[in-house]
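The block underneath contains the structure these notes are about, expressed in structure tokens.
Laboratory data are not the source of any read-out in this text; all were calculated from the coordinates shown. These numbers were taken from a predicted model, which means no experiment stands behind them. FYI the Cβ positions are ideal-geometry reconstructions off the backbone, even for glycines, and counts take in every protein chain you see.
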Amino acid sequence: LMLGLWVGSDRSLQEKVVLEKQIKTCLEKKVDKQDFKNFIKQKEGMPFLQATKIFKDEKYLTICYGHYGSDVLPKQKKTWRQCNQMLDEDVMVRLFAIQKAIPAFSCFPRHIKIDLFASWYRGGLSGSPKTIALMNQNKFLEASQEFLNNREYKTTKLLGIKKRMKQTSLKIKQLAEQ
């Protein structure tokens, strides 16, 4: 399943060739962005059709399906159609980024990919370089622990954020069991 499965192992050349073909096939799999869009819509709920400040301490505003950043201007408005188009673009940008950061992402089981993508979309997993490095070394148990070893998880009083982060950690841990 993972890259580097045979590094330092006693596998035969024939086994290594078979594994290499499996990995190549896995990495060539197309990821269905519609799965991610549907999940984001489900989790985000109704889109914000007007720029909104979600939390008092946030630097930027949010619009549509969790689109956040300096490009969201006060009093900015979007239609449902524009929100769907923005979500398409946001999903593609983040999908490219997660696949670049975690090359084996396409090989993960669908139910795990969706949760990891949602965390990446919200900035959790994408903001955890140590977790990403451990995942790329196939150290999933350590990565799942590292993901929760951060200030946001330890200090937030928002139970929804804590719950989502714990869910992401559990999904990373499940990769060790694959």
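Checked against a 31 Å cut-off, the cross-linked pairs Lys37/Lys139; Lys75/Lys130; Lys75/Lys100; Lys59/Lys130; Lys37/Lys77; Lys78/Lys154 give Cα-Cα distances beyond that limit for Lys75/Lys130; Lys75/Lys100; Lys78/Lys154.
What you get for segment 21-178, charging only the Cβ of Lys and Arg (+1) and of Asp and Glu (-1), is a dipole of about 240 debye around the Cα centre.
Rounded, prolate or oblate: which fits segment 82-171 when a ≥ b ≥ c are the square roots of the eigenvalues of the alpha-carbon gyration tensor, with rounded for a/c under 1.5 and prolate only if a/b beats b/c? In terms of gyration-tensor shape, oblate.
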